Amino acid sequence: MSEQLDARGLSCPQPVILTERKIEELKSGNFEVLVDTDTAKENISRLARNKGWEIEIIPQGREYQLLLKKE
Amino acid sequence: MPLITGNEGEVIMSYLKSFFGTRWGIILVGAFIGVFAALLQKWGNPPNMGVCVACFERDIAGALGLHRVDVVQYIRPEIIGFVFGSLISAYIFKEFRPRVGSAPVVRFILGFFAMIGALVFLGCPWRTLLRLSAGDGNAILGLSGLIVGVGVGVVFLKKGYNLGRNQVTYSSVGWLLPLIMASLFAFLVFAPLMGDGGKSGPIFLSAKGPGSMHVPIVISLIIGLAIGFLAQRTRFCTMGAIRDVILIRDFHLASGVLALLVAAFLTNLILGQFHAGFQGQPIAHTNHIWNFGGMVLAGLAFALAGGCPGRQLFLAGEGDGDAAMFVLGMIIGAGFSHNFSLASSPAGVGLYGPAAVIIGLLICLFIGFTMREKVE
């Protein structure tokens, strides 16, 4: 079970800051982020790509589960 | 057979959605705003003020009689268009998401002081870019102040500053600011005289000065709607552009802002609206310290609230009640700004403007220092 960050209800740029902190902490591996806006989904996707992480987006109703992975 | 089947419609929507998220998407939207802002000036809006969210909300405050400076009173349809353009986009792309409850009163106060700072400089970040693109050297001070203010905000963000989570709420909550905007539109069209028992304004509409300069309502509204729609899609934000470069070295939003600047510059050159210098620039003063200081305050307040004035309108259009509080704070702040001699004018800085900037900075620092979650 990978670590999960809950960024739902947080406005920009908090979801990105939380995700970046986790990326810096882990360096590699995998974790997931829950978000509830398209903006947060897009911003985290861009951050992940810039940092060399793979991202998989799983829509869940009006929310998204983002799976981040780096070997 | 219908031209577009349901399936094809979805394909088009998904294509548009991904296009607007690209670097080219945001560059095109920035350029669109730059070109049309400069054109609006040519067509009748005030010089170097094709679109200025702070100035236009200040004009709205004046039209409502929240201040009585008779040269800056008009209900600007661009602002109404921004909110509805965003609302329409949010509905079409299924992003209308009514939410509220992330420290609304703090956002109101941040909007209030953001406006006070912006009116000491005389412009929001958009107008800072428009002034720069037309050769107004004083805008360099404003832009520098904005960058410093956002930079201070980033330090707070790194130290755990956070206004907390919002909650999903009723659709009608998300509709309140659009309804206020619709009411303003009615006030503009019918311009009733409701003061002194129906004998005088409000509604006040300037007969001279910047408030009297405007393109026809329909053109303002259409361009406002288009900008609102496009900016909602691309998340265009001037404060976010600076913040993302400092915070995460991401130049996505910055490329849109740069496109706005370049497009407005080229359009101004073509239209003969470019005049380089510091002296005699339209609706501007040359006090470097407070041009800078005013925008430090505005930039910090935008950063703490998570968006520039334009972005707050677009967020409010997609249902964000906290952003709506920021907008209302700005409008009330504009009333105070002119009533209390805080706002600058081409003659110079307002009598109490510098003191208000310092008080605003202290309040923003208080908010930034005390509203933090512990960071490990």
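Throughout, read-outs are computed from the coordinates displayed, never taken from laboratory work. Fair warning: this is a prediction, and the values are worked out from it, not measured in the lab. So basically every Cβ, Gly included, is an ideal-geometry build from the backbone, and we count neighbours across all protein chains shown.
For the list (1) surrounded by fewer than 23 Cβ atoms within 10 Å (Cβ to Cβ); (2) among the β-branched types (Val, Ile, Thr); (3) away from every other protein chain (no Cβ under 14 Å), I need the number of the one condition that B:ILE92 fails.
Evaluating B:ILE92 over (1) surrounded by fewer than 23 Cβ atoms within 10 Å (Cβ to Cβ); (2) among the β-branched types (Val, Ile, Thr); (3) away from every other protein chain (no Cβ under 14 Å) leaves (3) as the failure.
Identify all residues within region B:119-129 that are over 10 Å from the mean Cα position of the chain (by Cα) and within 14 Å of B:MET239 (Cβ to Cβ); write none if there are none.
Keep residues of region B:119-129 that are over 10 Å from the mean Cα position of the chain (by Cα), which gives B:119-122, B:128-129.
Matches in region B:119-129: B:THR128, B:LEU129.
Hey, can you tell me all the residues within region B:103-121 that are within 14 Å of another protein chain (Cβ to nearest Cβ) and crowded, with 24+ Cβ neighbours inside 10 Å? Give the steps one after another, and end with the answer.
Residues of region B:103-121 that are within 14 Å of another protein chain (Cβ to nearest Cβ), as a first pass: B:103-104, B:106-107, B:110.
Selection gives B:ARG107, B:LEU110.
Return the total of residues in region B:92-128 being in contact with a helix residue (DSSP H, G or I) (Cβ under 7 Å, 6 or more places away or on another chain) and either under 30 Å from B:PRO46 (Cα atoms) or among the charged types (D, E, K, R) (or both).
So the count comes out to 23.
Is it the case that some residue within region B:128-150 is in contact with a strand residue (DSSP E or B) (Cβ under 6 Å, 6 or more places away or on another chain) and under 25 Å from A:ILE17 (Cβ atoms)?
For region B:128-150, residues in contact with a strand residue (DSSP E or B) (Cβ under 6 Å, 6 or more places away or on another chain) and under 25 Å from A:ILE17 (Cβ atoms): absent.
How many of the residues in region B:164-208 are assigned to a loop (DSSP other than H, G, I, E, B), within 14 Å of another protein chain (Cβ to nearest Cβ) and surrounded by fewer than 19 Cβ atoms within 10 Å (Cβ to Cβ)?
Residues of region B:164-208 that are assigned to a loop (DSSP other than H, G, I, E, B), as a first pass: B:164-166, B:169-170, B:191-194, B:196-199, B:201-208.
Narrowing the set further to residues that are within 14 Å of another protein chain (Cβ to nearest Cβ) leaves B:164-166, B:169.
From what's left, surrounded by fewer than 19 Cβ atoms within 10 Å (Cβ to Cβ): B:164-165, B:169.
The total comes to 3.
Taking the condition touching a residue at least 24 places away in the same chain (Cβ under 8 Å) and within 14 Å of chain A (Cβ to nearest Cβ), does B:THR267 pass? Can you show your working first?
Working: touching a residue at least 24 places away in the same chain (Cβ under 8 Å): yes; within 14 Å of chain A (Cβ to nearest Cβ): no.
Here the answer is no, as B:THR267 does not meet what is asked.
Can you tell me which of B:ARG68, B:ARG97, B:ARG131 is crowded, with 24+ Cβ neighbours inside 10 Å, out of contact with any Leu (no Cβ under 8 Å at 6 or more places or on another chain) and either within 14 Å of another protein chain (Cβ to nearest Cβ) or of a type in the set (D, E, K, R) (or both)?
On the way: B:ARG68 fails: crowded, with 24+ Cβ neighbours inside 10 Å; B:ARG97 fails: crowded, with 24+ Cβ neighbours inside 10 Å.
None of the others qualify; the one that does is B:ARG131.
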